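Read-outs throughout are calculated quantities, based only on the coordinates presented, and are distinct from any laboratory measurement. No experiment lies behind these values; they were computed from the predicted model shown. Neighbour counts are summed over all protein chains in view; Cβ atoms, including those assigned to glycine, are modelled from backbone coordinates with ideal geometry.
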Amino acid sequence: MRHAQTLFRGSAFTANTVRSRTHAVAVIDGTIAAVGAEAESMFGPRTSVIDVGDGLLVPGFQDAHVHPISGGLELLRCDLAAGSTQPQYLEIIAAYAASHPDEEWILGGGWSMSAFPGGCPTAAALDEAVADRPAFLPNADGHGAWVNSEALRRAGIDRHTPDPADGRIERDQHGNPTGTLHEGAMNLVNRLLPETSAEFLTRALMRGQAYLHSYGITAFQDAIIGAYSDMPDAGDIYVAAERAGILSAKVVGALWWDRSAGLEQIESLLQRRERYTGERFRATSVKIMQDGVAENFTASMLESYCDGHGHPTDNSGISFVAPEVLNEAVPALDAHGFQVHFHAIGDRAVRQCLDAVEQAIVRNGRNDNRHHIAHLQVIHPDDISRFRELSVVANMQSLWATLEPQMIELTMPFLGAQRSGWQYPFGDLLRAGTMLAAGSDWSVSTPNPMAAIHTAVNRMAAPGYEEGDYDAFLPEQAIDLGTSLVAYTAGSAYVNHLDDTTGTITVGKAADFALLDRDPFAHPTTEIGLTGVRQTWVNGSCVYTAE
């Protein structure tokens, strides 16, 4: 018998079921060689032993919806994630502008809508921090941008500028732009931004990858590979990083579906899939953003939004891809073997995505493409069972399923009581037999899986992630710790078509692990979010060790 190169001793959660455990894992040549007693028997004179202690070894987390390069760019630019109020944001921006006098544009982002009245900051306020140069700062969810007066001037945006079909310019009572651009209106400014160099994008990828590794993430699906907002197409950056041997994570890329074009773009997607296919990076998915977000009333709803006082308005949001186009595009993509990765926040968007997958099944039959819908904020109860029936994976961003200022002030009053009770129905999806995967949408929110798992279990924010004393949000939609861990490991591996080689601690699979600093099962569920990561391993190599 060969001796193990590395032997992990202590409790390990295998993720083969929601309660499966072992007490030892042996690794040879980057692969799990044995578990349990057999693993112990492989100890030899040169075996490196990792003592799990009172921690827990789990399969490497896999983020099924994340933006590592844009997240890395924010960390390298004007990062507003540390602030939570307008004065704090302006202080960060002013300090950044002063320390970067040669930058033509002030770029970065990460502000929270709840920091501003109605979720909309103003150019006048931003001018206080930087007036001599244009500033373009997307918010945390990437569906809106804060711009200053100089940016509006350069873009030629004034009271006569019409709203684009897929967005909205925030205006005052006289029609003048106030400094917030929603959805497609961001393109009026970001088309003017200076090109980001390949070198800087590579730096951003490495920064983002290291940050994800620090949370135990070993694989992920980059949810946009293509030109979107202020992000260029980063496919070649991944390819170059893999060739250079610096891409340690296993990455699936979701090619961006241009909503201003139609089925004629499929040929280009096929060509890019071929170009972007390697061992560690494969662009085998297509991202369709079907709607916006509820907070700016662009999430696509079956019924109109309320005015905040319970009265209906004439706005039911935006379906970015017309249903008749979606019902042709998804079957065509499916026939070419693409996985479709949908963004759907509102109940109409969710239904339209499910309808399109149903059309694909009718035309092409069932296959193994593993289409998935991310975010899933509002799902009509009639559509819950359709996920299982159509084999659509529910891609949860469970960190968002909490009561907090944005939910209380900018969402629930405009959804109304009934729809507010349909939000993030993970429990109902699980009970209906739906396959669950999990992701963060970082840089929209933290990529910390344990913080998201805490929320999935408690329906409350993890310690340190939200100030204030809030009740559990729809606690009947909670899922248990084991189920949530499986979703963040085996479930996301399934979505990424990596389940043959990753996602569980199973003999023959890659030695991709996260070594947690405590066993969350051994502590109250209210402490799940306190769990940290001691080490992260990919293919048997340690890629992160906590200080």
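Side notes on the structure shown:
- Three-way shape call for the range 105-190 based on the alpha-carbon gyration tensor, with the a/c threshold at 1.5: rounded
- Positive minus negative residues near Asp480 (Lys, Arg vs Asp, Glu; Cβ under 14 Å): +2
- Where both bridge residues fall in the range 105-190, DSSP classifies roughly 75% of the beta bridges as antiparallel.
- Ellipticity estimate at 222 nm from DSSP helix runs (n ≥ 4, -39,500 (n - 2.57)) divided over the chain, nearest 500: -8000 deg cm²/dmol
- Amide H contacts under 5 Å for Thr14: Ser20, Arg21, Thr22, restricted to partners 5 or more places along the chain or on a different chain, H placed in the peptide plane at 1.01 Å from N.
- Cα gyration tensor category, rounded, prolate or oblate, for the range 280-393 with a/c compared to 1.5: prolate
- Neighbour-count order for Cys120, Cys78, Cys353, Cys542, fewest beta carbons within 10 angstrom listed first: Cys542, Cys120, Cys78, Cys353
- FRET efficiency for Asp158 and Asp29, using Cβ-Cβ distance with R0 set to 51 Å, rounded to 0.05: 0.20
- Mean separation of Cα contacts under 8 Å, 6 or more apart, over the residue count of the chain: relative contact order %: 18 percent
- For the range 491-506, putting each phi into the Karplus relation 6.51 cos²θ - 1.76 cosθ + 1.60 with θ = phi - 60° gives couplings of x, 6, 4, 4, 4, 7, 6, 10, 6, 6, 10, 9, x, 9, 8, 9 Hz, in residue order, rounded to whole numbers and with x for Gly and Pro.
- Dipole size of the chain about its Cα centre, with +1 on Lys/Arg Cβ and -1 on Asp/Glu Cβ: approximately 1520 debye, rounded to the nearest 20.
- Highest mean packing comes first when the peptides 174-186, 13-25 are listed by Cβ atoms within 10 Å, giving 174-186, 13-25.
- Normalised contact order of the range 110-164, rounded percent, pairs of Cα under 8 Å and 6 or more residues apart: 33 percent
- Cα-based shape type of the range 285-495, given that a ≥ b ≥ c are square roots of the gyration tensor eigenvalues and the cut on a/c is 1.5: oblate
- Taking amide H as placed 1.01 Å from N in the peptide plane, the amide H of Val543 sits under 5 Å from that of Thr536, Trp537, Val538, each at least 5 places away or on another chain.
- Correct choice for log10 I(q)/I(0) by the Debye sum over Cα atoms at q = 0.07, 0.08 Å⁻¹ that was computed from the model, options (i) -0.38, -0.51; (ii) -0.62, -0.75; (iii) -0.52, -0.65: (i)
- With both residues required to sit in the chain, DSSP beta bridges show an antiparallel share near 50%.
- Other residues with beta-carbon under 12 Å from the beta-carbon of Arg9 carry, at +1 per Lys or Arg and -1 per Asp or Glu, a net charge of -2.
- A protection proxy built from the mean count of other Cβ atoms within 10 Å ranks the segments 212-219, 62-69, 524-531, most packed first, as 62-69, 212-219, 524-531.
- A simple rule links phi to the HN-Hα coupling: the Karplus curve 6.51 cos²θ - 1.76 cosθ + 1.60 with θ = phi - 60°, which for the range 131-142 gives 10, 7, 9, x, 10, 9, 10, x, 7, 4, 8, x Hz, with x for Gly and Pro.
- Surrounding net charge for Ser316, when Lys and Arg each add one and Asp and Glu each subtract one, Cβ distance under 9 Å: -1
- Here the 3J(HN,Hα) profile of the range 3-19, calculated from phi with Karplus coefficients 6.51, -1.76 and 1.60 at θ = phi - 60°, is 7, 5, 6, 9, 10, 8, 10, x, 5, 10, 8, 7, 6, 5, 9, 6, 10 Hz, Gly and Pro shown as x.
- Net lengthening on full extension, Gln271/Ile408 (0.36 nm per residue, minus Cα-Cα): 44.8 nm
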